[in-house]
Amino acid sequence: MLDHTHLAARRSHVASANGHDDFPIQNLPFGLFSTDPEEPERMGIAIGDQILDLEGALEAGLLTGLAAEAIEDAQFIDGWADVLCRGREARVAIRHQVFDLLAEGSRLAGAVAEHLHASRDCTLHVPMRIGDYTDFYAGIVHAKTVGALMRPDNPLLPNYKHVPIGYHGRASSVVASGHPVRRPNGQRKPATETEPSFGPCRNLDYELELGIWIGEGNDLGEPIPIGEAGRHIGGFCLLNDWSARDIQGWEYQPLGPFLAKSFCSTISPWIVTPEAMAPFRHAQPPRPEGDPRPMDYLWDDADQAHGALDLELEVWLMTPGLRAKGLAPFRLSRGSSLGLYWTPAQLLAHHASGGCNLRTGDLLGTGTISVEGGMGSLLEITRGGKEPLALPSGETRRFLEDGDEVRLTARARREGFAGIGFGECRGAISPAPSAR
Ligand code: MN
């Protein structure tokens with residue numbers, strides 16, 4: 001899986017890419033951008049603090065063969081979905097050609113420069129139309145911590161270690177990083193009140209998750225064997241599954257989360273490909289003694305050996321008080337994607353195991369990722385709001401206030417390789433609309 005595009009020594013003629021935290025030439029993630037609100041969205045690839053306009057590069061004759069064919073079709077039909085549905089071969093063709101165009105010493109550097117745009121002048125969009133969005137619950141520390149708030153003696157339900165738990169989410173309200181997050185109104189009934197009421201969410205929270213983009217889909221009624229599931233993954237992103245805890249607490253029984261989770265979900269807009277992540281795959285951490293072995297349809301030796309992702313995850317909070325005092329964003333947590341109890345391939349194989357058809361552009365969320373000492377939600381950090389967090393500004397937080405901004409980051413690092421990152425997944429809370 002590793003080739004010349006993974007060599008740490010390779011550099012780009014785009015100077016900002018060399019040593020870039022997120023987008024060195026070894027990453028080359030796929031995205032959809034516009035330079036002007038009036039202009040149509042264009043397919044691009046991030047390189048340092050620039051974006052390479054692939055459609056411009058195609059028109060200029062800089063792409064050939066399968067890469068040119070995939071981008072040519074895609075720009076008139078379904079964008080990145082048209083590339084991802086072709087599987088690994090098309091992704092690799094684009095990666096290799098763009099690598100050659102952007103590499104130090106490229107004889108086409110001058111021509112390529114005409115199709116670079118400064119990222120700060122561009123708007124990034126959800127990279128393709130999301131057909132369906134499913135959110136799992138694969139962070140076992142999160143499941144235990146949240147379970148313990150409700151059931152101190154019995155935090156994990158008996159099914160947890162056997163079946164990947166999930167629910168069908170809402171694709172229409174998935175937005176790209178930077179889009180405002182409006183506090184939802186909804187029905188709440190805290191234990192201290194006798195009657196339910198309708199109004200602004202009082203316990204607004206974030207959830208630190210990874211997103212998995214479906215590349216090639218499967219036909220209805222045709223499950224995806226675990227050994228093939230990895231090949232159906234088209235890419236990865238960060239996902240903030242904003243959650244209205246008070247609304248959730250009142251509505252979730254008996255059918256699970258509904259409006260508490262569907263008012264907005266924020267993703268990082270770059271599709272980080274499985275090829276870019278190849279050096280950062282990791283063995284799935286062994287299960288603790290006594291845990292059940294996954295059932296056969298979820299077990300694959302190769303997936304166990306290198307199907308997990310090794311990413312350092314961080315959550316940063318900026319508040320009006322921190323900003324007013326000129327203070328830096330406050331780091332709420334630092335964790336690792338190795339805190340997931342199931343691999344991405346296991347989530348995908350389970351989803352399709354009953355015959356459900358996954359389609360190109362579907363998005364799977366892993367569930368909140370918490371590790372000991374690095375919790376992925378305020379629900380866990382403040383123990384359901386009972387232990388408010390003190391910030392350097394003198395402010396305290398039980399849950400998120402209007403004007404707060406949450407930023408998620410993911411970085412992959414490994415000795416001997418150029419580190420890559422996912423870019424930002426950022427959203428600021430704006431006030432709820434009138435409740436009538
Ligand atoms: Mn979630």
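The values are calculated or read from the model by the stated rules, or taken from the named source; none is laboratory data. On a predicted model such as this, the values are computed, not experimentally measured, just so you know. In this analysis, Cβ positions are derived from the backbone assuming ideal geometry, glycine residues included, and neighbour counts consider all displayed protein chains. These area figures cover heavy atoms from the full protein model, side chains too; ligands, DNA and RNA do not enter into them. Shrake-Rupley method; radii C 1.70, N 1.55, O 1.52, S 1.80 Å.
A few remarks follow.
- Here the Gaussian network model covers the chain, with springs between Cα atoms less than 10 Å apart; of Asp402, Asp291, Asp21, Asp291 fluctuates the most.
- Loop-located GluC sites (Glu not before Pro) in segment 1-78 (DSSP state not H, G, I, E or B) with no more than 11 neighbouring Cβ atoms inside 10 Å: Glu38.
- For segment 142-224, radius of gyration divided by Kirkwood radius, i.e. Rg to Rh on alpha-carbons: 1.04
- GluC sites (Glu not before Pro) restricted to DSSP loop in segment 281-352 with at most 11 other C-beta within 10 Å: Glu289
- Taking amide H as placed 1.01 Å from N in the peptide plane, Trp270 has no amide H partner under 5 Å among residues 5 or more places away or on another chain.
- Close amide H partners of Asn357, meaning residues 5 or more places away or on another chain with modelled amide H under 5 Å apart, are Gly221.
- Each residue of segment 378-384 is assigned a 3J(HN,Hα), and the resulting list reads 5, 3, 7, 4, 9, 6, x Hz, derived from the Karplus form 6.51 cos²θ - 1.76 cosθ + 1.60 (θ = phi - 60°), x at Gly and Pro.
- Working note: Karplus 6.51/-1.76/1.60 with θ = phi - 60° gives segment 415-421 the couplings 3, x, 10, 6, x, 10, x Hz, where Gly and Pro are set to x.
- Only protein atoms count toward the accessible area here, which uses a 1.4 Å probe; on the chain, the carbon and sulfur part of that area reaches 51 percent.
- Values of log10 I(q)/I(0), in the order q = 0.17 Å⁻¹, for segment 200-356 under a Debye, Cα-only, solvent-free model: -1.19
- Cut-off of 10 Å, at most 15 other beta carbons, DSSP loop: longest stretch of the chain lacking such chymotrypsin sites (Phe, Trp or Tyr not before Pro): 1-251
- Vicinal HN-Hα couplings computed from phi for segment 63-79 (Karplus, 6.51 cos²θ - 1.76 cosθ + 1.60; Hz; Gly/Pro x): 10, 9, x, 4, 4, 5, 4, 5, 5, 4, 5, 4, 5, 9, 10, 10, x
- Helix-only mean residue ellipticity at 222 nm for the chain, each DSSP H run of n ≥ 4 adding -39500 (n - 2.57), per residue, nearest 500: -5500 deg cm²/dmol
- The trypsin sites (Lys or Arg not before Pro) of segment 351-413 meeting both criteria, a DSSP state outside H, G, I, E and B (loop) and at most 13 other C-beta atoms within 10 angstrom of the site's C-beta, are Lys386.
- Reference-scaled alpha-carbon Rg (2.2 N^0.38 Å with N residues) for the chain: 0.98
- Less than 5 angstrom separates the built amide H of Ile233 from those of Gly215, all sequence-distant by 5 or more or on a different chain.
- Computed on segment 192-247, the Cα convex hull volume stands at 173 Å³ per residue.
- Surface accessible to a 1.4 Å probe, per residue, for the residues of the chain, Å²: 43 Å²
- In whole percents, the pair-distance distribution calculated for segment 37-92 from its alpha-carbon pairs, binned every 5 Å from zero, is 4, 19, 28, 28, 16, 5, 1.
- Taking Cβ atoms as reference points and 14 Å as the exclusive limit, the residues near Glu193 contribute a net charge of +1, counting Lys and Arg as +1 and Asp and Glu as -1.
- For the chain, a simple Cβ point-charge model (Lys and Arg +1, Asp and Glu -1, everything else neutral) yields a dipole of about 1440 debye relative to the Cα centre.
- Residue of Ile51, Ile77, Ile381 that the Gaussian network model of the chain assigns the largest fluctuation, springs spanning Cα pairs under 10 Å: Ile77
- Principal axis extents of the Cα atoms in segment 307-389, from largest to smallest and rounded to whole angstrom, are 54, 26, 25.
- Volume of the convex hull of segment 249-339 (Cα atoms only), normalised per residue: 225 Å³.
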